[in-house]
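*Asks:* The structure that follows is given in the form of structure tokens.
The values are calculated or read from the model by the stated rules, or taken from the named source; none is laboratory data. Remember, it's a predicted structure, so these values are computed and weren't measured experimentally. Every residue, glycine as well, gets a Cβ built from its backbone with ideal geometry; the counts of neighbours run over all protein chains shown. Heavy atoms of the whole protein, side chains included, go into the accessibility calculation; ligands, DNA and RNA do not. Shrake-Rupley method; radii C 1.70, N 1.55, O 1.52, S 1.80 Å.
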Amino acid sequence: MSYGKATVLVKPNQLETWDVPIVDPEPGGALVSIVLGGVCGSDAHIVSGGAGEMPFPIILGHEGIGRIEKLGSGVTTDYAGVAVAPGDLVYWSPIAQCHRCHTCTVLDEMPCENAQFFEDAEKPNWGTYADYAWLPNGLAFFRIPDHAQPEAVAALGCGLPTALGGFEQCGPVGLGDTVVVQGAGPVGLASTLVASASGASEVIVLDHSPARLQVAESFGATATISIADHDVDERRAMIQEHLGPRGASVVVEAAGVLGAFPEGYELTGAYGRYIILGLWGAIGTSAISPRDLTLKNMRVGGATFHKPKHYYNAMHMAVRLQDKYPLADLISHRYAVKDADKALEAVKSGLALKPVIDPSL
């Protein structure tokens, strides 16, 4: 039996590096060696316990690019019908669905009531802070085109599928829309990229980090505002100066901070949409005025845990735009599997916008 390294969360704030067996794929599945394992801000919430109780022990990581080592019996193509073989690079949707419930088959939504986000670390596993990932039958994966830069696909992690899924769920950005994005992490930058590429006339991004705001400009933001240098009233006045009294037609919450919600709610203009994408791990409540919903004819919606098609579309969008936007440059820090704690600290401290686990280190 061969073994590989994996970062295991044993309980909140306790990480260990385990030697785990490398198991042949089941029929319909695949075994891949991890090339890049994205480190997501939600991972920090999972480690701290802020995202709720987890089925410990778990192998961390839900963003992965891997190289096929072995294919299970019956597998000749990816989940879009593209031929695959050992040696090919693949990208996958990290949630195992049952495909046999009302949500999967009738609603055609995700996640379903039987969805599995994590597997016990002692069993074959698709966590990506590891040397290998074991993809079960039914977990959708897609072949990465030969000319793709793996770093460009990995750069926005689950942020780009989140943005694409959010706009599909809550309404797309169209020509002439005016957009405000709260936060310039991967979800905010992905939302900026999609809004800009979709023809928004204005895309204003708010963040505390000058470096992140600079990246937002390179991703199509028409204006940026520092929340470190301007208070709420000043930010509101600056946005009104850019957009006029009507305000934003679309506001995207990508900050992951509960205090962002009331500000974004207020910034949403008449007949506008407020799309909540970042508050997955920030548990709490926020008071709003229901009257505003009727007087402004506005909509508030949320979206999370997106479908395989959003991962497929995100992959191809990243490949299509990899030479136009500095996607690969977002990955500035790489960490060995045993140094996952340092990677998570880099996310929390803001040292790295997009660190990755690189098992070759």
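*Asks:* Only residues that are among the hydrophobic types (A, V, I, L, M, F, W, C) and either free of Cβ contacts under 8 Å to residues at least 12 places away in the same chain or part of a loop (DSSP other than H, G, I, E, B) (or both): list them for the range 296-332, please. Step through it out loud before you land on a result.
*Replies:* The first filter runs over the range 296-332 and keeps only residues among the hydrophobic types (A, V, I, L, M, F, W, C), leaving 298, 300, 303, 305, 314-315, 317-319, 321, 327-328, 330-331.
If the condition is that a residue be among the hydrophobic types (A, V, I, L, M, F, W, C) and either free of Cβ contacts under 8 Å to residues at least 12 places away in the same chain or part of a loop (DSSP other than H, G, I, E, B) (or both), then Met298, Ala303, Phe305, Leu327, Ile331 are the ones that fit.
*Asks:* Can you tell me which residue within the range 250-275, out of those that are in a strand (DSSP E or B) and of a type in the set (Phe, Trp, Tyr), is surrounded by the fewest Cβ atoms within 10 Å (Cβ to Cβ)?
*Replies:* Step one: of the range 250-275, the residues in a strand (DSSP E or B) are 250-253, 268-275.
Okay, now just the ones that are also of a type in the set (Phe, Trp, Tyr), so 271, 274.
Details: Tyr271: 12, Tyr274: 26.
Here the answer is Tyr271.
Residues are listed down the side, and each one gets a yes or a no for (1) without any contact (Cβ under 8 Å) to a residue 24 or more places away in the chain; (2) open to solvent by less than 10 Å² (accessible area, probe 1.4 Å):
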site	(1), (2)
Ser33	no, no
Leu36	no, yes
Cys40	no, no
Phe56	no, no
Gly81	yes, no
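*Asks:* Could I ask something else about it? What pairs can you find where one residue is in the range 229-246 and within 15 Å of Gly264 (Cα to Cα), the other is acidic (Asp, Glu) and part of a helix (DSSP H, G or I), and their Cβ atoms are less than 6 Å apart, with a gap of 6+ or different chains?
*Replies:* Val232/Glu263
*Asks:* What's the total number of residues in the range 226-249 that are buried (at least 19 other Cβ atoms within 10 Å of the Cβ) and among the aliphatic types (A, V, I, L, M)? So that I can check it myself, show each step before the final result.
*Replies:* Just the residues of the range 226-249 that are buried (at least 19 other Cβ atoms within 10 Å of the Cβ), to begin with: 227, 235, 239, 243, 247-249.
Narrowing the set further to residues that are among the aliphatic types (A, V, I, L, M) leaves 227, 239, 243, 248.
The qualifying residues number 4.
*Asks:* Given Val173, Val153, Val90, which one is crowded, with 20+ Cβ neighbours inside 10 Å, in a loop (DSSP other than H, G, I, E, B) and in contact with a Phe, Trp or Tyr (Cβ under 9 Å, 6 or more places away or on another chain)?
*Replies:* Details: Val153 fails: in a loop (DSSP other than H, G, I, E, B); Val90 fails: in a loop (DSSP other than H, G, I, E, B).
Step by step, each of Val173, Val153, Val90 is checked, and only Val173 is crowded, with 20+ Cβ neighbours inside 10 Å, in a loop (DSSP other than H, G, I, E, B) and in contact with a Phe, Trp or Tyr (Cβ under 9 Å, 6 or more places away or on another chain).
*Asks:* Being in a loop (DSSP other than H, G, I, E, B) and surrounded by 13 or more Cβ atoms within 10 Å (Cβ to Cβ) narrows it down to one of Gly61, Gly66, so name that one. Spell out how you get there, then give the answer.
*Replies:* Working: Gly66 fails: in a loop (DSSP other than H, G, I, E, B).
After ruling out the rest, the residue left standing is Gly61.
*Asks:* Would you say Ser286 is over 30 Å from Ala140 (Cβ atoms), open to solvent by less than 50 Å² (accessible area, probe 1.4 Å) and outside any loop (DSSP other than H, G, I, E, B)?
*Replies:* On the way: over 30 Å from Ala140 (Cβ atoms): yes; open to solvent by less than 50 Å² (accessible area, probe 1.4 Å): yes; outside any loop (DSSP other than H, G, I, E, B): no.
It is false that Ser286 is over 30 Å from Ala140 (Cβ atoms), open to solvent by less than 50 Å² (accessible area, probe 1.4 Å) and outside any loop (DSSP other than H, G, I, E, B).
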